[in-house]
Each structure stands twice: as structure tokens, then as C-alpha cells.
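The structure appears below as C-alpha cells.
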Amino acid sequence: MTIGRVRTAVLSLASYRPGKAASQVEDEHDIVGAIKLASNENPWSPVPEVVAAISDAVSGVNRYADNNASDVRSAISEWIGVDVARVTVGCGSSGLLQQLFMTYVDPGDEVIFPWPSFEIYPVFSTLFAAHQIRVPLVDYAFDLDAVAAAVSEKTKLIVLATPNNPTGTPVSMRAVEGLLDSIPDDVIVVIDEAYREFSDPTFGDPVVDLQPRYDNVVVTRTFSKAFGLAGLRSGYGIAHPEIVEQLDKVRLAFSVNNLAQVGMLAAIEHEAAAMANVATLLNERTRMVEALDASGTVSVPSQANFIFIPTGDRTEPIAIAMEKLGVVTRPFPGFGLRITIGSPEENDRWLAAFLSSQT
Ligand SMILES: Cc1ncc(COP(=O)(O)O)c(C=O)c1O
């Protein structure tokens with residue numbers, strides 16, 4: 001029974017499933033000391049200067065934040081070298097993605113994305129009563145010809161996560177250029193770069209490589225992953241000023257809160273320190289891939305802060321076996337296991353748990 005007349009789209013909506021918390025797994029298996037490697041978080045606190053800036057700002061939370069986040073927009077504009085009118089902010093990059101759906105998607109419109117990909121795209125598609133077209137990955141990578149072929153008059157959005165979640169596979173901006181040339185320019189193409197900082201720069205930069213020629217390209221980025229600010233919900237977007245203007249209308253007022261704004265400013269100022277942590281994570285990624293290779297385990301080459309192991313039908317039993325050993329990963333039943341790269345100690349632990357689940 002439902003109370004009140006819930007929208008049909010919401011009734012049919014499966015809730016977004018975040019990664020299981022370590023405490024949940026501890027309760028489920030009656031264990032202690034579990035670690036969570038299920039949400040692609042940064043294992044380390046933000047750098048000390050960022051923590052200090054956020055702490056200093058806490059006493060100011062009796063005030064609403066600057067709704068426009070003007071200082072943050074200016075800092076981002078200088079940081080990445082684009083006009084400030086092309087910069088927007090969101091309550092996480094998920095908030096921006098939601099704004100994109102709010103802005104462009106009417107009931108019955110089509111939204112296209114490769115699949116499997118970030119699980120929030122189907123959630124928003126359902127919420128906005130859109131017809132979602134999931135274009136299957138080929139060898140874990142995007143099939144952009146199939147994406148282009150799926151475009152119809154009703155297509156409003158195409159969403160490409162690069163590197164893709166959960167597979168860690170990137171798409172090159174040159175390949176996206178081919179897609180853009182073959183579709184109508186009133187289809188918005190979102191390049192979701194949540195994991196950009198972990199990726200090889202030779203795959204390109206949509207802001208530099210695409211946006212000067214294609215007004216319909218929107219880039220979403222975040223401070224959640226590389227900069228370790230997941231809990232603050234601090235995303236940003238780069239787009240044509242007309243798109244920014246529309247997106248800004250639908251953002252929940254003050255949802256990029258005071259602490260998020262201070263955190264973003266400090267994170268930009270202390271970028272180098274965060275990038276040193278990213279370098280450590282990338283070394284760890286290499287170490288783990290080599291260890292998996294040495295054990296005869298196939299993993300998908302990753303450009304993100306996680307590794308995808310295509311465990312197919314064995315995925316759920318392996319995930320449960322690892323949970324019993326206190327290691328929480330993200331299983332995609334029938335497809336594979338996504339494991340976030342953590343600290344060196346956490347990585348040693350998940351590797352041991354994974355290998356023991358294989359015997
Ligand atoms: C592909 C992708 N995009 C966006 C996000 C959302 O990040 P946030 O809302 O924290 O910026 C995630 C988070 O896991 C993701 O995997």
C-alpha cells in the first residue's frame with residue numbers, strides 16, 4: 001500500500017544502491033575490522049591544509065552559503081583556463097547529472113548510455129520517465145557506433161562516463177569527436193569525468209579537445225574521488241554559458257554548502273598534495289594488477305581508482321566470501337567484482353581475501 005498518490009515513475013524506481021558500509025558487513029557476518037572498498041572513495045583524508053580550511057569554516061554554518069558559489073566558479077575558471085560563464089557547480093557531480101536530467105528530459109524522451117555504467121543514470125532516467133537506451137559494452141569498452149545508431153529524434157541526452165564505472169575503461173576524445181560529428185547538435189553529450197585524475201591524459205580532455213567546437217558537450221567533474229571530498233558533495237561542470245544558465249535554474253538552492261565551497265577552494269589551492277596521493281594510488285593500482293596477473297586472474301585494464309575483475313556467475317559467492325573476511329567490494333551479479341584501490345594495507349588485505357576466495 002502507498003500513502004498518497006506517488007508518481008508512477010517513483011513507484012517503479014529501484015532505489016540507488018550505494019556500496020555496503022563496513023559496519024553493515026560486520027553486523028551481517030559478526031566480525032570486526034571490516035574495510036569498505038565498494039564506493040571508489042579515496043582512502044585518505046583530504047590534505048591537512050584542506051581539513052584545516054574546512055574546520056575553520058564550521059562555525060560559519062549558521063549562515064547559508066553563497067548560492068552561486070562565485071568564488072569557487074572563479075577559482076575553477078582560472079584553474080582550468082575557461083571563461084567563468086562556462087563553469088557551474090553541483091551537489092556532487094551526481095547533483096549536476098540530476099540537474100541535466102531536470103533541464104533536458106521530458107517524459108518519453110530518450111536517454112542513451114553505454115551499459116554497464118554508473119548506476120545513477122538509470123535511476124534518473126526512470127525518475128524523469130525517460131526511455132533509457134542501454135548500449136552494451138563490447139569487450140568492456142564503449143561501442144560509440146552503436147551509441148550513434150541509437151540516436152533518434154527523441155534523444156535528449158547521451159551520457160558517457162570516462163573512465164567508465166564499473167569497468168575502469170576510458171574512451172578517447174578523438175573517438176567521441178567521431179560520435180559528435182555523426183549526431184544532431186541538439187543532443188546533449190555529457191562526459192562524466194568523475195575519475196579523470198586517475199586516467200592517462202593521452203585519452204584527451206573534453207574541455208580542450210571538444211568544447212571549442214561542440215556547444216552540446218557538457219563535462220562533469222568532482223572533488224569526491226581524487227581530492228577526497230566525497231562527503232562534502234562538491235562537483236563542478238563545464239559547459240556553454242547558455243547551458244550553465246539553464247542548469248543553474250534547477251539546482252537546489254544552497255545545495256553546494258559552505259563547507260563544500262571552502263573545501264573546493266582549498267583543494268584547488270593545494271592540488272599538488274592531492275596529486276601526490278593520486279600518484280601513490282596509481283602505483284598501488286599497478287601493484288595490484290601485477291599481483292592479479294601473477295595469480296592468473298584476469299582484470300580489465302583500468303584508468304580509474306578501482307579494478308574490475310570479470311568474475312561472471314561466480315561474482316556473488318566471491319563477494320560474500322570476501323565479506324566474511326572483512327573486505328567489502330562492489331559485486332555486479334553475473335558480470336564481475338569492482339574493487340576500489342585503497343591504502344597499501346587495504347590492498348594487501350583485499351588481494352589475500354580475493355585469492356583465498358578462489359581456492
Ligand atoms: C561515473 C561516476 N560519476 C559520478 C559519480 C558521482 O560522484 P559525486 O556525486 O560524488 O561527485 C560517481 C561516483 O561513484 C561515478 O562513479
**Study point:** Within region 11-95, chymotrypsin sites (Phe, Trp or Tyr not before Pro) in DSSP loop having at most 13 other beta-carbon neighbours inside 10 Å
**Key:** Tyr16, Trp44, Tyr64
Revision key, fill the gap. So for region 61-270, using the alpha carbon gyration tensor with a ≥ b ≥ c as root eigenvalues (a/c under 1.5 gives rounded; past that, a/b versus b/c decides prolate or oblate), I'd call it prolate
Review point. Based on DSSP, what percent of beta bridges with both residues in the chain are antiparallel, to the nearest 5?
Key: 45 percent
**Study point:** Straight-distance crosslink candidates among lysines, where the alpha carbon sits under 17 Å from Lys36 and sequence neighbours closer than 8 are dropped
**Key:** Lys20, Lys225, Lys324
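Roughly what % antiparallel, to the nearest 5, for the DSSP beta bridges in region 61-270?
Values: 9 of 27 bridges.
Percent antiparallel among DSSP bridges in region 61-270 is about 35.
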Point to revise | Sequence-distant lysines (8 or more away, or on other chains) whose Cα lies within less than 19 Å of Lys249 | key: Lys156
Revision key, fill the gap. A student applying the Cα gyration tensor rule (rounded when a/c is under 1.5; otherwise prolate if a/b is larger than b/c, oblate if not) would label region 309-353 prolate
Exercise for review: When you have a sec, figure out the Kirkwood radius of the chain from all distinct Cα pair distances and drop it here in Å to one decimal?
Suggested key: 21.2 Å
Practice item. State the percentage of accessible surface on region 281-322 attributable to carbon and sulfur atoms; use a 1.4 Å probe and exclude ligands, DNA and RNA. Key: 54 percent
Check your understanding: When Lys and Arg each count +1 and Asp and Glu each count -1, what net charge do the other residues less than 14 Å away from Glu49, Cβ to Cβ, add up to?
Key -> -3
Study note, to complete from the structure: Surrounding charge for Tyr214, neighbours by C-beta under 11 angstrom, Lys/Arg +1, Asp/Glu -1, total -4
Point to revise | Alpha-carbon centroids, region 311-344 and region 177-235: separation in whole Å | key: 28 Å
**Study point:** Gain upon complete extension [Ile3, Arg17; 0.36 nm per residue less C-alpha separation]
**Key:** 2.7 nm
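Per residue, what accessible area does the chain have, given a 1.4 Å probe and all protein chains present, in Å²?
Each residue of the chain exposes 44 Å² on average to a 1.4 Å probe.
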Exercise for review: Report, in whole Å, the centroid distance computed from the Cα atoms of region 127-143 and region 32-89.
Suggested key: 30 Å
Check your understanding: Residues in region 61-90 near a label at Met275, defined as backbone nitrogen under 18 Å from the 7 Å Cα→Cβ point?
Key -> 75-82
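The values are calculated or read from the model by the stated rules, or taken from the named source; none is laboratory data. Remember, predicted model here, so these are calculated numbers, not experimental data. Cβ: placed from backbone, ideal geometry, glycine included. Neighbour counts: every protein chain shown. SASA here: full protein model, heavy atoms, side chains in, ligands and nucleic acids out. Shrake-Rupley method; radii C 1.70, N 1.55, O 1.52, S 1.80 Å.
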